[in-house]
Amino acid sequence: MRRLGVALLGAGRMGQLHAELLGALPEVRVVAVADPLRENAERGAFLARAEEIYLEPLEALDHPGVEAVVIVTPTPTHAALIREAARRRQAVFCEKPVALDLASTEAALKEVEAYGVPFQIGFQRRYDPGYAQAKALLEGGEIGRVDQFRAVSRDPAPPSLEYLKASGGIAVDMAIHDLDLARFLVGEVVEVQAWGAARVDPRIGALGDWDTVSLLLRFESGALGVVENSRRAVYGYDIRTEVFGEKGKLVVEALPKTPLYRYGPGEEVRLDHYRYFTDRFREAYRLELQAFARGVLEGRPLSPGPRDARESLRLALAATRSLREGRPVRVEEVA
């Protein structure tokens with residue numbers, strides 16, 4: 001089997017997860033890992049079984065064995081790295097989002113399209129077996145016409161304030177995953193109304209951000225949706241999605257991490273729980289990277305692709321505008 005030569009750009013917390021998963025894929029040969037912190041680069045290279053380490057990502061792109069890049073650097077660096085990889089005719093996998101604004105996103109993706117390089121954006125939930133099966137059932141007409149969509153995502157604790165300052169806000173950083181699922185499972189959204197509050201930490205509100213939000217969605221099909229996000233769930237990572245239609249409903253929800261319920265005296269029932277998204281979606285991350293590598297090697301279209309990167313960001317920006325202006329926002333207003 002021919003193996004795809006990959007450069008991993010970024011070896012922080014998420015980068016190290018990607019390094020470990022890439023290093024175990026039979027379709028991939030990690031030829032370079034780059035991170036400004038040598039300790040991160042060395043750790044990432046060890047996990048990925050990489051041949052070389054670099055402190056400068058652009059130097060990694062110039063490694064002669066690099067055919068594709070996996071970008072897991074801070075969001076503000078994504079667009080420039082995508083453009084540089086495209087100019088070198090290297091396939092691109094990029095963690096979401098491409099950028100924090102549409103103009104930068106469009107500029108990067110135009111280069112991807114101009115050079116004809118394969119591109120995949122990192123919405124890993126699409127590759128989770130539960131969501132993938134839900135998509136197949138919906139396409140097969142399992143529940144008929146879809147009338148309602150509901151998604152809940154709550155993290156165990158907020159990230160650092162330093163991270164939040166450059167995150168683009170809760171809609172772009174967090175809710176965008178649920179918004180992408182809405183598009184993936186139900187279709188395009190045309191209008192959003194959002195409410196937000198700083199219920200977890202007033203310092204998040206002082207940044208002009210929110211840690212608790214509820215979004216109402218109106219789909220092009222006429223279906224309605226709700227997205228709920230919180231930066232704090234003291235019991236661990238909390239995520240579920242429901243699609244309701246004329247013939248029934250589909251629910252994707254993580255069961256106990258270990259398929260065991262422990263019953264004690266009285267009404268006590270104990271079970272374990274996923275602590276974070278990297279735990280809950282580890283297999284989805286593996287499957288999306290494998291799909292990227294196989295798609296590039298076999299010359300097949302990649303998904304989610306440039307249009308998904310654009311439209312999910314547009315929807316997240318519409319939600320952010322609604323949060324700030326306190327009114328419904330048509331997605332077409334965000335240009």
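The values are calculated or read from the model by the stated rules, or taken from the named source; none is laboratory data. The structure displayed is predicted, hence computed values, not measured ones. Here the Cβ positions follow ideal geometry from the backbone for every residue, glycine too, while neighbour counts run over all protein chains shown. Each accessible area value is taken on the protein alone, full model and side chains, heavy atoms only, with ligands, DNA and RNA left out. Shrake-Rupley method; radii C 1.70, N 1.55, O 1.52, S 1.80 Å.
Under the rule a/c < 1.5 gives rounded, and otherwise a/b versus b/c splits prolate from oblate, where does segment 271-335 land using the Cα gyration tensor? It is oblate, given that a/c is not under 1.5 and a/b is not larger than b/c.
Couplings 3J(HN,Hα) for segment 316-324, derived from phi with the Karplus relation 6.51 cos²θ - 1.76 cosθ + 1.60 (θ = phi - 60°), are 5, 5, 5, 5, 4, 5, 5, 4, 6 Hz, where x marks Gly and Pro.
Exposed loop sites, defined as GluC sites (Glu not before Pro) outside DSSP H, G, I, E and B with at most 13 other Cβ atoms within 10 Å, are absent from the longest region of the chain, namely 1-187. Taking 17 Å as the straight-line reach from the Cα of residue 247, the aspartates and glutamates in range (excluding those fewer than 8 positions away in the same chain) are 139, 142, 147.
From largest accessible area down, sort 1, 174; use a 1.4 Å probe on the protein chains. Write down the numbers at each step before the final one.
Details: 1 170, 174 15 Å².
Highest to lowest solvent-accessible surface, that is 1, 174.
Each part gets one Cα centre, and for segment 125-195 versus segment 1-68 those centres are 29 Å apart. A 1.4 Å probe, protein heavy atoms only, puts the accessible area of residue 160 near 70 Å².
Could you put 210, 195 in order of accessible surface area, largest first, with the 1.4 Å probe and the full protein assembly present? Don't skip to the end; give the middle numbers.
Working: 210 40, 195 140 Å².
Sorted descending by solvent-accessible area, the residues read 195, 210.
Around the amide H of residue 69, modelled in the peptide plane, lie the amide H atoms of 7, 91, 92, 93, all under 5 Å away and 5 or more residues distant in sequence or on another chain. In this rough spin-label picture, where each label sits 7 Å from Cα along the Cβ direction, the residue 197-residue 89 distance is 5.7 nm.
Lys/Arg Cβ at +1, Asp/Glu Cβ at -1, dipole of segment 221-291 taken about the Cα centre: which of 266, 229, 243 is farthest positive-ward? The residue sitting most towards the positive pole is 229. With contributions of -39500 (n - 2.57) from each DSSP H run of at least four residues, the per-residue ellipticity at 222 nm computed over the chain stands at -11000 deg cm²/dmol.
Amide H contacts of residue 52 (H built 1.01 Å from N, in plane; Pro and chain starts excluded): 32, 33 sit under 5 Å, all sequence-distant by 5 or more or on other chains. Measuring nothing but how far apart in sequence close Cα pairs (under 8 Å, 6+ apart) lie, relative to its length, segment 222-335 scores a relative contact order of 14 percent. Using heavy atoms of the protein chains and a probe of 1.4 Å, the accessible area assigned to residue 201 is about 30 Å². Computed log10 I(q)/I(0) for segment 83-161 at 0.15, 0.27 Å⁻¹: -0.83, -1.20, from the Debye equation with unit scatterers placed on every C-alpha and solvent omitted.
Entry note, the chain: relative contact order of 18 percent, from Cα contacts under 8 Å with a spacing of 6+ residues. For segment 218-226, putting each phi into the Karplus relation 6.51 cos²θ - 1.76 cosθ + 1.60 with θ = phi - 60° gives couplings of 10, 8, 4, 6, x, 5, 10, x, 9 Hz, in residue order, rounded to whole numbers and with x for Gly and Pro. According to the square roots a ≥ b ≥ c of the eigenvalues of the Cα gyration tensor, what is the shape class of segment 180-323, taking rounded for a/c under 1.5, prolate for a/b larger than b/c otherwise, and oblate for the remainder? Note, shape of segment 180-323 comes out oblate. The listed residues 199, 89, 240, 125 rank as 199, 89, 240, 125 when sorted by accessible area, largest first, using a 1.4 Å probe.
Length available on full extension from residue 113 to residue 257: 0.36 nm per residue minus the Cα-Cα distance, which gives 47.8 nm. Taken one residue at a time, the phi angles of segment 191-207 give Karplus couplings (6.51, -1.76, 1.60, θ = phi - 60°) of 8, 9, 10, 10, 10, x, 8, 9, 9, 8, 8, x, 5, 5, x, 5, 7 Hz. Gly and Pro are set to x. Rounded to the nearest 10 Å², what accessible area does residue 77 show when all protein chains are kept and the probe is 1.4 Å? Accessible area, nearest 10 Å²: 50 Å². Calculated FRET efficiency, residue 206 to residue 157, Cβ-Cβ distance, R0 = 22 Å: about 0.75 to the nearest 0.05.
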